[in-house]
Amino acid sequence: MSFEAHLAELQKKHGEIEEKIDEALMHPSVDDLTITELKRRKLLIKDKIQKLTETSTTH
């Protein structure tokens, strides 16, 4: 997978999780643990994006 394709896929996943978080926050039936897990996954993807972009700029 090329760098650009990998970065695009991570950004897509990040956006999808962000949408899920927004939807979950609108529904009072969603528990805090679910929201916390989504936020954790979003942060992990954000970290991967950051590391990937840092690696590409140093090469």
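The values are calculated or read from the model by the stated rules, or taken from the named source; none is laboratory data. Keep in mind it's a predicted model, so treat the numbers as computed, not measured. Neighbour counts run over all protein chains shown; Cβ positions are idealised from the backbone, glycine included.
State which residue pairs qualify: first residue surrounded by 11 or more Cβ atoms within 10 Å (Cβ to Cβ) and inside segment 19-48, second residue modelled with pLDDT of 95 or more and among the charged types (D, E, K, R) in any location, beta carbons under 7 Å apart, and separation of 6 or more residues or different chains.
These pairs meet every condition: I21/K39; I21/K42; L38/K20; K42/E18; I45/K13.
Hey, can you tell me all the residues within segment 1-21 that are of a type in the set (D, E) and more than 13 Å from the chain's Cα centre (by Cα)?
E4
Just the residues that are of a type outside the set (D, E, K, R) and in a helix (DSSP H, G or I), please, taken from segment 12-30.
Within segment 12-30, H14, G15, I17, I21, A24, L25, M26 meet the criteria.
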